[in-house]
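Single-structure report; data block below.
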Amino acid sequence: MAEVHSIFESRGMGEFYIQVSYSFCAKTLEDNCETVSQWYFDKNSETVKKTAKALKDERKVFMPNHIAKIQKEFCEHLINICNSEKLKKLLQGDSVKSYIAKCVKLSLLMNATDPPLVMKCESDTEKRTAGRDLYNKDMFKEYTTRGKYFDFCTWPVLFLHENGPILSKGVAQGVNDPDVKDMGKAETWFRLKF
């Protein structure tokens, strides 16, 4: 996995896979719930909330049965959004597929809880300076370099729910230079479309 991480980081991918898999899984589960709601729920019924809660609780139990299917769908999605033929080939390597499969499994399980766990990989924008954001040690552990300013995220912060307490700090690179001249140099190898 260290080999995979170094390949990702060298291309500016960092936390991309876990963030995109999280969004992909959230949308997949949301679409599924919406379909069930439209077909089987009378929104004016008093039992809708109880039934919806019961379905969400059961979803957690049966989620492992669907992981392989969602992993396959997500890999296809990644290949479709990738602009680079070299990276498309990389995405089909065994170690990368294994890493992506683990990202999808985690993402599905985090989104299957009610309320879902929340991931964020951004610095504290309330502490923004004219250039980079200040490094927030309450939310992140240092990656390889300490610094007063936030450079990039390698693993997201995990919250119990939206606006909830932190379950696990993220990992981010610090930098002492507040200038943003080096930001945005990462290769753009994908085109997002949700």
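The values are calculated or read from the model by the stated rules, or taken from the named source; none is laboratory data. Keep in mind that what you see is a predicted model, and the values were worked out from it rather than measured. All Cβ positions, glycine included, derive from the backbone under ideal geometry; neighbour counts span all protein chains shown.
Computed quantities for the displayed model
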read-out: Residue in the range 24-43 that is closer than 25 Å to Ile79 by Cβ, touching a strand residue (DSSP E or B) at 6+ places or on another chain (Cβ under 6 Å) and surrounded by 15 or more Cβ atoms within 10 Å (Cβ to Cβ) present; value: no
read-out: Which listed residue, of Leu134, Leu108, Leu91, is touching a strand residue (DSSP E or B) at 6+ places or on another chain (Cβ under 9 Å) and not assigned by TED's automatic domain parsing to the domain that holds Asn163; value: Leu91
read-out: Failed condition for Lys56, given (1) exposed (fewer than 15 other Cβ atoms within 10 Å of the Cβ); (2) more than 19 Å from Tyr17 (Cβ to Cβ); value: (1)
read-out: Residues (within 15 Å of the chain's Cα centre (by Cα) and at pLDDT 90 or above) located in the range 138-166; value: Val157, Leu158, Phe159, Leu160, His161, Glu162
read-out: Test for Phe150: is it outside the structural domain of Lys53 (by TED's automatic domain parsing) and among the aromatic types (Phe, Trp, Tyr); value: yes
read-out: Pairs, first in the same structural domain as Lys102 (by TED's automatic domain parsing) in the range 16-32, second surrounded by 15 or more Cβ atoms within 10 Å (Cβ to Cβ) and among the small types (Gly, Ala, Ser), C-beta under 6 Å, six or more apart; value: Ser21/Ser107; Tyr22/Ser107; Cys25/Ser107
read-out: Selected residue (criterion: farthest from Lys53 (Cα to Cα)) from residues of the range 104-120 that are free of Cβ contacts under 8 Å to residues at least 60 places away in the same chain and surrounded by 19 or more Cβ atoms within 10 Å (Cβ to Cβ); value: Val118
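A quick yes/no check of all residues on (1) modelled with pLDDT under 85; (2) of a type in the set (A, V, I, L, M, F, W, C); (3) over 20 Å from Ser107 (Cα atoms):
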| site | (1), (2), (3) |
| --- | --- |
| Asp31 | no, no, no |
| Leu55 | yes, yes, no |
| Pro64 | no, no, no |
| Cys82 | yes, yes, yes |
| Lys86 | yes, no, yes |
